[in-house]
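Peer 1: Before I ask anything, let me first share the structure, which is written out below as structure tokens.
Bear in mind these aren't lab numbers, they're just calculated from the coordinates by the rules spelled out. Since the model is a prediction, treat every value here as computed from it, not as a measurement. When we count neighbours, we look across all protein chains shown, and the Cβ atoms used for this are built from the backbone with ideal geometry, even at glycine.
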Amino acid sequence: MSARGRKKDSGIPQGVVSRLPVYYRYLLELEEQGETRVSSAQLGEGLDFTAAQVRSDLSFFGSFGQQGYGYNVSDLLKQVRNILGLNRVYSMILIGAGNLGKAIASYENFKHMGFKIQAIFDVDTLLLGNHHAGCVIQPVWYLEEYVQKYPTDIAIIATPSSASQEVCDIVVRNGVASIWNFSPVHLNVPDHVLVEHMHLTDSLLRLSFRLNEKWRAEESS
């Protein structure tokens, strides 16, 4: 996973940004389990961070804990939710209704967090007009008209590589300033446009590397 535009963020290191969703998920689990307080040491132990790392990360956004008490779970969760921008609703569109696109659109947690897919586009005539995740799959040639008419916060691109830059250009020139890219190519965008590149095979290859390192260590021992 990589991102453009971090230099425009507010001086927050990329490592800290990448750990914020981890804190959010863990705090959500603690709240669901009925936990009311947690220390930086407990957070670190649960997430395989150090207590110092936890305190350092959170200090970029304010002072949330109390010495000798730790953090109130619900209060800290609310703060992290606000830091992540989960206190508003995001209007999204999905371009590409293949297996990957359908899986993304079907994931209910996105909607629960405020990320709502309002429209889906594809080129496959067998898919056009079908309903998926509460949306009618529209022809991709309606894409430009749609983004001109309806404000869109995030465009999700899940197209084959041959089409991804073209649809990216369409949404960018019509004012969409944030893209979640699942296509297997790196998109070229203006500096003001934020892109998160989700290269799914990268994670698998990292796991493959670690697995082979483990096997080599076992063979040499």
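Peer 1: How big is the charge dipole of the chain about its Cα centre, in debye rounded to the nearest 20, if each Lys and Arg gets +1 on its Cβ and each Asp and Glu gets -1 on its Cβ? The partial results should precede the final answer.
Peer 2: Working: 20 positive and 23 negative charges, 86 e Å.
That gives the chain a dipole magnitude of about 420 debye.
Peer 1: Additional query: Which whole-Hz ³J(HN,Hα) couplings does the stretch 80-97 yield from phi under the Karplus relation 6.51 cos²θ - 1.76 cosθ + 1.60, θ = phi - 60°, glycine and proline marked x?
Peer 2: 5, 4, 5, 4, 7, x, 8, 9, 8, 9, 10, 8, 10, 10, 10, 10, x, 10
Peer 1: Quick one: net charge of L27's neighbours, Cβ under 11 Å, K/R +1, D/E -1?
Peer 2: -2
Peer 1: For every other residue with a beta carbon closer than 12 angstrom to the beta carbon of V176, add +1 if it is Lys or Arg and -1 if Asp or Glu, then tell me the sum.
Peer 2: -2
Peer 1: Which one of I83, L43, G98 is farthest out on the positive end of the charge dipole of the chain, using unit charges on Cβ (Lys, Arg +1; Asp, Glu -1) and the Cα centre as origin?
Peer 2: Towards the positive end, the residue furthest out is I83.
Peer 1: Please report the spacing between the Cα centers of the stretch 35-68 and the stretch 97-170 in Å, no decimals.
Peer 2: 38
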